[in-house]
């Protein structure tokens, strides 16, 4: 006889398989699809999203969930955690009436489309009414979810990307970090001014040579090309499914540095997906634990490991091999300075490790105000300039380099931004703990050998999947909850010494 | 108020969009997917097939169909034809119990997998029990469908690929063609022996040069690269959806001839899909009219147009440009002989235009006997050798080059083979009619200009979609039903004169 819990596993398995199909179609849209296929593809994805939504909102599901929750004595710890995750997903899916889900989804699609042109033409007024509609519907959705989840409306949005995340926990972290960085950046700029200016290697770095090197580094990181690919897209991302991970980067033939780091960053994401426990694949408890933990895994590879002295030294011969480079600019000391340049600037995605959190903290504050209603969309461009002045001391001359730069809000992604910086904080804590547990973690990077680090991450992060909350994962792995100290220590060590 | 008919349109629209998603995932499996993703992909496709099947077997659908059929006075001709197609699809989906659908689908997946190795290792006994299971379940499925469709079991299988097709109509055509070819091949071989032996251009023809030429020819055929791509796969095929057509070919750097013709063949398929009426996209009546008409569209391009004297003459400068060729073997007369070599041989996919139907006719006879039970799977290898001896006068030394060569039966595709030769017959009739209607159809091929032919095909075939039966389309376009005369005339003109 099938128990209520088994019935749930079957339903969520089906949901997960269909989500996997959507992930491949998403990847294809960004990497392979010709322009003319866009409208048909968005119909396909909307139809699949509807099928998935119907699985989670089947009328009988509430009863099946309750029945399973009444028989937890027959479940083991993982099954119990799975049931909790099932309930969480059910709450998110059922909190909002279907009509609002559809309206919001349509409003986001339309707004994102208008935003593409508005950004290109630096025309905020053109997209303003569309963004107003997205904000209004997002507020309604947040309100509906907040009642079911028992949290503030903005926190209900956070919870979609980072389960259990609440502003009251983020705020003190971000406040402390903001205070620290406000002083720290000045110190770093002073130290930086006294050092030789880094030289950017010049030349033509062919796409094929960059790709070969990227794939070589992915292999060193343990990426399995029998179960994934590396391709090109406008923005780097990791798509696909754990059995078939689709990474992308972009290439600039005049400058290999950023495309290469993007490969390493995305490989961090991919190794997390690939490392999730196979026996729980296709169940909610077996998925990655939200975007904060995900970002911690990409940043521990990109920022903690790959911008370390040791790794950059081991990278030098590989770079010389790949590009035939020679001369001063190819020496480790120069490349280390190059990969650690700090410069307050306008664009988040181009920001360095030190100034990046200030971009995020400003967006966190602005989006909370938009959702609470304290800030109107009409006032957003001014608020943006003010925030940039306060946080980074630079002010965009136009909205293209200001509030139009990121896709997130225009596609309905409120509550996502904080995960970038929470991920950076967690990455510092995890790397320090890994190093403490096994000194080989950083020593081996001198040989471009990531095995000790990945072994530790597998055991302490990947194997946990969604068995624990992000906070619990961090505490179990490092002995401490989220705190800014380790990140501050990391920044001081790297940028002042 | 929504009428029953409108309700049906909504359901079939949804079905079509999901089928489109499956088409992209299929393409990805063959072109992009790393090996390790195969099992997850087959889960995704099975899940999507189930969702589609559930749409067509929803319990209330029978009533909605009947209600719509009771109000046809409110429908126009296209809507009425759409309703007929809906009923046909409903019959196919509901004739077979869900358990048998699943059993058959699993048996086919397994058998196909075993077949891949069995063919490589020339080991028919290894795959025999799996094929037996597939045949047994296919017979059950055919029996169930035959009762609902009111036709013989084998005809119910034909009907899946070629709506309305019945063996009693195919048999006289194939008998006549068999009789004709038995003599004709001998005559062709004699004539051929008296002519210079064609010289195969030798050299290294880079994949990139072949691809550029293929894309150039596709553009001349009117293919829109904003709405499609050309890639590489093990077997050439046309996938995707009308808005985003994904063509593939394969390249041999020692011989460009077959890869190039495959591109032209697939472009014929693609232009048909692309030419279907936009206002009926996503409705059953708006889809291509089965595999016979589809094959007629690929063969009219590849065989009728592109192996004509005129086109091959116009191809010569393009080939020389692409490959830098020079000398006797690059002259039109040689290339014409090369593209028209006739030679009875073992492998269907490598067969020429003249001997190809004999491969098909034998398979038609064998698969009918397998479905009727007159032939057992155990006796298939012997029956194959006998059939080859009778039809082509050549006998394979092993099953790899015999009954293991084609994927069709091992993946459950019974009733598909006849459409190849019915398509060739229709292509000859359509090309002759087009030429009769407008002499520019063949004259313009001298300039590699396909516009007059495509204009005619658009009007007489593509625009019809599934509004008429294949037979009706042919009669409306050419004045005659399927008959072998025009094909025979075409072969005589091309191979004896």
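Relative contact order of chain A, please, whole-number percent, based on alpha carbon pairs below 8 angstrom and at least 6 residues apart.
19
Rounded to two decimals, what is Rg over Rh for the protein assembly as shown when you use alpha-carbon atoms and the Kirkwood radius?
1.00
Considering the convex hull of the alpha carbon atoms of segment A:4-149, report its projected area averaged over all viewing directions, in nm², one decimal.
The Cα convex hull of segment A:4-149, projected and averaged over all directions, gives 10.5 nm².
Considering just Cα atoms, how many Å³ per residue does the convex hull of segment B:151-497 enclose?
Cα-based convex hull of segment B:151-497, divided per residue, equals 134 Å³.
With axes computed from alpha carbons, what is the tilt in degrees of helix A:77-95 against the longest principal axis of chain A, rounded to the nearest 10 within 0 to 90?
For helix A:77-95, the angle is close to 80 degrees.
7 Å along Cα→Cβ for the label point: how many nanometres lie between residue B:485 and each equivalent label in the other copies, listed shortest first?
Ordered by distance, the counterparts are at 9.7 nm.
Any chance you could run the full-extension gain for residue A:345 through residue A:42? It's 0.36 nm times the residue separation minus the Cα-Cα distance, nm to one decimal.
Going from the current span to full extension adds 105.6 nm.
Hey, rough spin-label estimate for residue A:2 and residue B:398, points 7 angstrom out along Cα→Cβ, what's it come to in nanometres?
Distance between the two pseudo-spin positions: 4.7 nm.
Shielding of B:46-57 by partners, i.e. mean partner chain Cβ atoms within 10 Å per residue? Could you put the intermediate results ahead of the total?
On the way: counts 1, 9, 5, 0, 2, 7, 0, 0, 1, 1, 0, 0.
Across the residues of B:46-57, the mean count of other-chain Cβ atoms within 10 Å is 2.
Considering only DSSP beta bridges with both partners in segment B:204-262, what is the antiparallel share in %, to the nearest 5?
Percentage antiparallel, nearest 5: 45.
I want the antiparallel fraction of DSSP beta bridges within the protein assembly as shown, as a percent rounded to 5. Each step should come with its number before you reach the end.
Numbers: 9 of 19 bridges.
About 45 percent, rounded to the nearest 5.
Mind giving me the FRET efficiency for residue A:62 and residue B:89? R0 is 22 Å, r the Cβ-Cβ distance, nearest 0.05 is fine. Numbers along the way, then the final one.
Values: r = 34 Å, r/R0 = 1.56.
In this case the efficiency is close to 0.05.
Mind pulling the angle between the C-alpha long axis of helix A:207-220 and the longest principal axis of chain A? Nearest 10 degrees, somewhere in 0 to 90.
So the helix axis and the longest Cα principal axis differ by about 70 degrees.
Distance between Cα centroids, segment B:41-80 to segment A:253-271: provide it in whole Å.
47
Set the Förster radius R0 to 60 Å, insert the Cβ-Cβ distance between residue A:117 and residue B:338 as r into 1/(1 + (r/R0)^6), and round the FRET efficiency to 0.05.
Efficiency, rounded to the nearest 0.05: 0.70.
What does the copy distance list look like for residue B:471, label position 7 Å along Cα→Cβ, in nm and ordered from shortest?
Distances to the matching label points in the other copies: 7.4 nm.
Tally the DSSP beta bridges in segment A:150-497 and give the antiparallel ones as a percent, rounded to 5. Write down the numbers at each step before the final one.
Numbers: 5 of 10 bridges.
Rounded to the nearest five, the antiparallel share is 50 percent.
Return the FRET efficiency for the residue pair residue A:447, residue B:235: r is the Cβ-Cβ distance, R0 is 45 Å, and the value is rounded to the nearest 0.05.
0.50
Quick one: with label points 7 Å out along Cα→Cβ, list the inter-copy distances for residue B:440 in nm, shortest first?
7.7
Once both labels are modelled 7 Å past Cα along the beta-carbon direction, what's the residue A:253-residue A:206 spacing in nm?
The answer from the label model is 1.0 nm.
For chain B, what does the helix formula give at 222 nm: sum of -39500 (n - 2.57) over DSSP H segments with n ≥ 4, over the residue count, nearest 500 deg cm²/dmol?
-20500 deg cm²/dmol
Report, in degrees rounded to the nearest 10, the 0 to 90 angle that the Cα long axis of helix A:167-194 makes with the longest principal axis of chain A.
Between the helix axis and the principal axis of chain A, the angle is about 10 degrees.
Coordinate-derived values only; no laboratory data. What you see is a predicted model; the values in this text were computed from it and never measured. Cβ atoms come from the backbone with ideal geometry, glycine included; neighbour counts cover every protein chain shown.
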